[in-house]
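Structure incoming, see below.
Values in this text are rule-based calculations from the coordinates and carry no lab data. Since we're looking at a predicted model, the values are computed, not measured. In this analysis, Cβ positions are derived from the backbone assuming ideal geometry, glycine residues included, and neighbour counts consider all displayed protein chains.
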Amino acid sequence: MKTFTEAEKTIARNIDWEYKWMARDWDGNLCIYEEKPKKRNDRWISDDYDYIFYFNYLFSAIKWEDDEPTLIRDIYNPPVLNDAEREYLKTVLKPFHENVAYVEKVHYYPINGDTSSSLAFLFIKLHDGKLEFPNFDLRKMYLGMELNKKYKMGELGITYEEDNHDDQ
């Protein structure tokens, strides 16, 4: 997950709303785009006009080596879950999704009282029960989730599209 300074977050928040993407070309130029660009030989290309951002020393987390451009809103409002975490929870919670009240990351303290534990688990409160996921290293997984904060599914970027078409 990319890390940005508070100054970079402020700058990103104030970029004109029509620009949605940011990427760095091989020569170090930082560009912003209205439409999602694609990586080519030596630069990112979009159907719209790209705008060269002349503060190339900023946003050092954005690199030419990136496989995808950076969504500008993710700089100042990063997603809570990374793509793998979101897809995993979306899949596992699908049978229960209408019954989920909230999802919480809870610090795990072993029975022996070791308060230096780096373990946590996900607690899913259902309207009529609960689910507890296996322990994980809180320094390696679900890094965007705050401990003991109750997240609604939408806050985690988990949504379910209902299938509204008839099978023919």
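Among ASN77, LEU138, TRP44, whose Cα sits farthest toward the positive end of the charge dipole of the chain (+1 at Cβ of Lys/Arg, -1 at Cβ of Asp/Glu, about the Cα centre)?
LEU138
Can you sort ASP66, ASP83 so the residue with the fewest Cβ neighbours within 10 Å comes first? Before the final figure, lay out each step's value.
Details: ASP66 14, ASP83 9.
Listing ASP66, ASP83 from fewest to most nearby Cβ atoms yields ASP83, ASP66.
Could you tell me the extents of the range 6-76's C-alpha atoms along the three principal axes, largest first, rounded to whole Å?
32, 23, 20
Quick one: pull the percentage of alpha-carbon pairs in the range 83-156 with a separation above 16 Å. Mind showing how you got there, number by number?
Values: 1311 of 2701 pairs.
Value for the range 83-156 (Cα pairs over 16 Å): 49 percent.
Please identify which residues in the range 35-57 have an amide N closer than 16 Å to a label point set 7 Å out from the Cα of ASN29, following the Cα→Cβ vector.
37-57
Subtract the Cα-Cα distance of ILE45 and ASN112 from 0.36 nm times their separation in residues, and report this length gain in nm to one decimal.
Working: separation 67, 0.36 × 67 = 24.12 nm, distance 5.67 nm.
Gain in length upon complete extension: 18.5 nm.
Here is a further query. Please order GLU68, GLU85 by the number of other Cβ within 10 Å, starting at the fewest. Write down the numbers at each step before the final one.
On the way: GLU68 11, GLU85 20.
Ranked by crowding around the Cβ, least crowded first: GLU68, GLU85.
Here's another thing I want to ask about it. List the pairs from LYS90/LYS130; LYS20/LYS90; LYS38/LYS152; LYS36/LYS63 whose alpha-carbon separation is above 22 Å, in the order I gave them. Before the final figure, lay out the partial values.
Values: LYS90/LYS130 16 Å; LYS20/LYS90 25 Å; LYS38/LYS152 33 Å; LYS36/LYS63 16 Å.
Going by Cα-Cα distance, LYS20/LYS90; LYS38/LYS152 fall outside the 22 Å limit.
Let me ask something else. Taking every alpha carbon pair in the range 37-92, what does the distance histogram look like in 5 angstrom bins from 0, in percent?
Spelled out bin by bin, the range 37-92 gives 4, 13, 19, 24, 17, 11, 7, 4, 1 percent.
Expressed as a rounded percentage, what relative contact order does the range 83-156 have, with Cα pairs under 8 Å and six or more residues apart? Don't jump to the answer; show the numbers that get you there.
On the way: 100 pairs, mean separation 24.8, N = 74.
This gives 34 percent for the range 83-156.
Return the label of the correct value of P(r) over Cα pairs in 5 Å bins from 0, in percent, as calculated from the structure shown, out of [x] 1, 7, 11, 11, 9, 8, 7, 7, 7, 7, 7, 6, 4, 3, 2, 1, 0, 0; [y] 1, 8, 14, 15, 13, 12, 12, 11, 8, 4, 2, 0, 0; [z] 2, 9, 17, 18, 15, 13, 11, 9, 6, 1, 0.
Here the calculated entry is [y].
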